[in-house]
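Student: I have a structure I would like to understand better, so I am pasting it below and will then ask my questions one at a time.
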Amino acid sequence: MSAGELMRRFKPWLDDLPAYVPGKPAVGAVDGKLSSNESPVPPPESVLRAVAAAATVLNRYPDPLARGVTTRLAARLGVGEQCLLAGNGSDELIYLLATACFGPGARVVVAEPPYLVHEIASLAAGAEVVRVPLAGYRHDLAAMARVPADAAFIANPHNPTGTAVGRHDIEAFLRASQARLVVVDEAYIDFADDPDALSALALIDSGRVVVLRTFSKLYGLAGARIGYMAGPGDVVETLKKLRAPFSVNSLAQAAAAASLDQPSALDEVRDSMRALRERMAQAFRRAGYEVIPSQANFVLVKTPDETALLERLAGIDISARPGSVLGMPGHVRVSVGPAHVVERLERELVP
Ligand SMILES: *Cc1c(COP(=O)(O)O)cnc(C)c1O
């Protein structure tokens, strides 16, 4: 068959699908890579030992449902195991939700700018995506609720702004919106000052809410690829049928289970990340920039000249994420770095 005869046919809506643009690699030492909201702290020893032990049985397939992880989560969160599903990062779960729940003809409402994976997965499934501009850098839930939509994504705290909405705001959204599925992505919830006042976990009983969480941020397991969802049993059941059976590898399962066995090991990391976040924000403010108050492990800095700020940061071996690739031109997103990088920022980012 010649190339001319091979008329490959993709689903028509894939022609205009935007590609996800990942953060740039480190400019100098890897410690200065502040472009992907990773943890600057490697996982604790106990987690590394669990991974090494799991590596001795890599000739075997993993547990398809990562039950070592879901039983621990069920106990910890007070959620039934039939309402939990682990995924190859929460990104896999976002794609599964989109594939299972929306297709051509469905309308999904997101913030403008959204977390781009929410939008790309929805478009890839064939849905129409309606963006509703943020108000004061926060989700405008009242305006989002007015959109006649089948589903909604709410990142809480939001990426790329770091702002949060309260659980009561999400409850009000549920009352006002016709969306039958509301996906609340809580990737950064651990860094919020009062996670309990924000989390939508208590709302999954409504039958309309799915909460996504990840081990990629606070737990320092971004490279292992594991996240989870808590949601209505029928959604979990359907996703189990749809998913690739062994998508969560055994090393990731071992790492996540060991992390959950040692919850206090991460308290120090979380406290230090919150403190470093405030120091970074102060350093930028002292240098004359406006910084959006953040509840996540990054800060969003406002600047009339993105390139100039990115170059200034590159000059002190920091690579950050340009707002223009995140749908926020005129801003730069900087992840919270390790203490010595923050100290250098404080010393060298002078007005
Ligand atoms: C980082 C991030 C995730 C995490 O994705 P993983 O696939 O679990 O690494 C999910 N949602 C948002 C909003 C994020 O910023």
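The values are calculated or read from the model by the stated rules, or taken from the named source; none is laboratory data. Because the structure is a prediction, the values reported are computed rather than measured. Cβ coordinates were reconstructed from backbone atoms using ideal geometry, including for glycine residues, and neighbour counts include every protein chain displayed.
Student: Mind listing just one residue for me: the one in segment 204-223 that is within 15 Å of the chain's Cα centre (by Cα) and more than 9 Å from the ligand (Cβ to nearest atom) and, of those, farthest from residue 167 (Cα to Cα)? Show your work before the answer.
Tutor: From segment 204-223, those within 15 Å of the chain's Cα centre (by Cα) are 210-223; that's our starting set.
So of that shortlist, the ones also more than 9 Å from the ligand (Cβ to nearest atom) come out as 210-211, 218-220, 223.
On the way: 210: 13, 211: 12, 218: 21, 219: 23, 220: 26, 223: 30 Å.
Applying the filter and picking the extreme gives 223.
Student: Further question: For segment 47-71, what are the residues that are surrounded by fewer than 17 Cβ atoms within 10 Å (Cβ to Cβ), under 25 Å from the mean Cα position of the chain (by Cα) and in a helix (DSSP H, G or I)?
Tutor: Here is the first cut: in segment 47-71, the residues surrounded by fewer than 17 Cβ atoms within 10 Å (Cβ to Cβ) are 48-49, 52-53, 55-61, 63-64, 67, 71.
Filter once more, keeping what is under 25 Å from the mean Cα position of the chain (by Cα): 48, 63-64, 67, 71.
Result: 48, 67, 71.
Student: Also, I was wondering about something else. Could you go through segment 302-317 and let me know if any residue there is outside any strand (DSSP E or B) and within 16 Å of the ligand (Cβ to nearest atom). Talk me through it step by step, then tell me what you get.
Tutor: Looking only at segment 302-317, we keep the residues that are outside any strand (DSSP E or B), and these are 303-317.
Subset that is within 16 Å of the ligand (Cβ to nearest atom): none.
So far as segment 302-317 goes, no, none of its residues is outside any strand (DSSP E or B) and within 16 Å of the ligand (Cβ to nearest atom).
Student: Continuing with the same structure: Out of all the residues in segment 293-312, which are surrounded by fewer than 21 Cβ atoms within 10 Å (Cβ to Cβ) and closer than 20 Å to residue 273 by Cα?
Tutor: Matches in segment 293-312: 293 only.
Student: Across segment 72-92, what is the number of residues that are within 19 Å of the chain's Cα centre (by Cα) and of a type in the set (Asp, Glu)?
Tutor: So the count comes out to 2.
Student: While we're looking at this one, here's another question. Take residue 139 and tell me if it is within 15 Å of the ligand (Cβ to nearest atom) and within 21 Å of residue 270 (Cβ to Cβ).
Tutor: Numbers: within 15 Å of the ligand (Cβ to nearest atom): yes; within 21 Å of residue 270 (Cβ to Cβ): no.
Here the answer is no, as residue 139 does not meet what is asked.
Student: Shifting gears a bit: Against the condition of a type in the set (A, V, I, L, M), away from the ligand (no atom under 16 Å from the Cβ), surrounded by 13 or more Cβ atoms within 10 Å (Cβ to Cβ) and in contact (Cβ under 8 Å) with a residue 24 or more places away in the chain, how does residue 117 come out, does it pass? Walk me through it before giving the result.
Tutor: On the way: of a type in the set (A, V, I, L, M): yes; away from the ligand (no atom under 16 Å from the Cβ): no; surrounded by 13 or more Cβ atoms within 10 Å (Cβ to Cβ): yes; in contact (Cβ under 8 Å) with a residue 24 or more places away in the chain: yes.
So residue 117 fails the test.
Student: Hey, another quick one. Of the residues 146, 175, 167, 138, only one is of a type outside the set (Val, Ile, Thr) and within 30 Å of residue 320 (Cα to Cα); which?
Tutor: 138
Student: With in contact with a helix residue (DSSP H, G or I) (Cβ under 6 Å, 6 or more places away or on another chain) and aliphatic (A, V, I, L, M) as the only criterion, which of 184, 147, 211 stands out? Can you show your working first?
Tutor: Numbers: 184 fails: in contact with a helix residue (DSSP H, G or I) (Cβ under 6 Å, 6 or more places away or on another chain); 147 fails: in contact with a helix residue (DSSP H, G or I) (Cβ under 6 Å, 6 or more places away or on another chain).
Result of the check over 184, 147, 211: 211.
Student: Give me the pairs: first residue in segment 215-229 and within 14 Å of residue 243 (Cβ to Cβ), second residue more than 9 Å from the ligand (Cβ to nearest atom) and of a type in the set (Gly, Ala, Ser), beta-carbon distance under 7 Å, and six or more apart or on different chains, which are they?
Tutor: Taking only residues 6 or more apart or on different chains, the pairs are 225/252; 226/86; 226/252; 226/256; 228/86.
Student: Would you mind finding the one in 78, 32 that is more than 16 Å from the ligand (Cβ to nearest atom), farther than 18 Å from residue 254 by Cα and free of Cβ contacts under 8 Å to residues at least 60 places away in the same chain? Before the answer, list the steps.
Tutor: Details: 32 fails: free of Cβ contacts under 8 Å to residues at least 60 places away in the same chain.
Answer to the selection: 78.
Student: Do we find that residue 258 is aliphatic (A, V, I, L, M), more than 16 Å from the ligand (Cβ to nearest atom), surrounded by fewer than 19 Cβ atoms within 10 Å (Cβ to Cβ) and more than 26 Å from residue 102 (Cβ to Cβ) in this structure?
Tutor: Working: aliphatic (A, V, I, L, M): yes; more than 16 Å from the ligand (Cβ to nearest atom): yes; surrounded by fewer than 19 Cβ atoms within 10 Å (Cβ to Cβ): no; more than 26 Å from residue 102 (Cβ to Cβ): yes.
So residue 258 fails the test.
Student: Here's a follow-up. Can you spot a residue in segment 274-291 that is of a type in the set (Val, Ile, Thr) and within 14 Å of the ligand (Cβ to nearest atom)? It would help to see each step written out before you state the result.
Tutor: Step one: of segment 274-291, the residues of a type in the set (Val, Ile, Thr) are 291.
Subset that is within 14 Å of the ligand (Cβ to nearest atom): none.
The answer is no; no qualifying residue exists.
Student: Residue 296 - would you say it is in a loop (DSSP other than H, G, I, E, B) and closer than 24 Å to residue 95 by Cα?
Tutor: Answer is yes for this residue.
Student: For segment 302-322, does any single residue satisfy the condition of being in contact (Cβ under 8 Å) with a residue 60 or more places away in the chain and touching a His at 6+ places or on another chain (Cβ under 9 Å)?
Tutor: no
Student: Continuing with this model, one more query. I need the full set of residues from segment 311-331 which are of a type in the set (A, V, I, L, M, F, W, C), within 23 Å of residue 41 (Cβ to Cβ) and within 19 Å of the chain's Cα centre (by Cα), in order please.
Tutor: Step one: filter segment 311-331 for residues of a type in the set (A, V, I, L, M, F, W, C), giving 313-314, 316, 318, 320, 325-326, 328.
Keeping just the survivors that are within 23 Å of residue 41 (Cβ to Cβ) gives 313, 316, 318, 320.
Selection gives 320 alone.
Student: For segment 1-46, how many residues meet the condition of being modelled with pLDDT of 90 or more, over 22 Å from the mean Cα position of the chain (by Cα) and small (Gly, Ala, Ser)?
Tutor: So the count comes out to 1.
Student: Return the residues of segment 184-203 that are surrounded by 20 or more Cβ atoms within 10 Å (Cβ to Cβ), of a type in the set (Gly, Ala, Ser) and either within 10 Å of the ligand (Cβ to nearest atom) or in a helix (DSSP H, G or I) (or both); say none if nothing qualifies.
Tutor: 187
Student: For segment 175-182, indicate whether the set of residues that are within 23 Å of residue 103 (Cβ to Cβ) and of a type in the set (Gly, Ala, Ser) is non-empty. Don't jump to the end; show me each part of the working.
Tutor: Quick first cut of segment 175-182, residues within 23 Å of residue 103 (Cβ to Cβ) only: 177-182.
Imposing the further condition that a residue be of a type in the set (Gly, Ala, Ser) reduces the set to 177, 179.
Yes, some residue in segment 175-182 is within 23 Å of residue 103 (Cβ to Cβ) and of a type in the set (Gly, Ala, Ser).
Student: Are there any pairs, at least 6 apart or on different chains, whose C-beta atoms fall under 9 Å, with the first in segment 141-165 and under 18 Å from residue 189 (Cα atoms) and the second buried (at least 22 other Cβ atoms within 10 Å of the Cβ) and basic (Lys, Arg), and if so, which?
Tutor: These pairs meet every condition: 159/333; 160/321; 160/333; 161/333; 162/277; 162/333.
Student: Just for segment 142-170: of the residues that are among the small types (Gly, Ala, Ser) and over 22 Å from residue 95 (Cα atoms), which one is nearest to the ligand (Cβ to nearest atom)? Write out each step before concluding.
Tutor: If we filter segment 142-170 for residues that are among the small types (Gly, Ala, Ser), which is where we start, we get 142-143, 145, 149, 151-152, 155, 162, 164, 166.
Narrowing the set further to residues that are over 22 Å from residue 95 (Cα atoms) leaves 142-143, 145, 162, 164, 166.
On the way: 142: 21, 143: 20, 145: 20, 162: 10, 164: 12, 166: 18 Å.
Filtering first and then ranking leaves 162.
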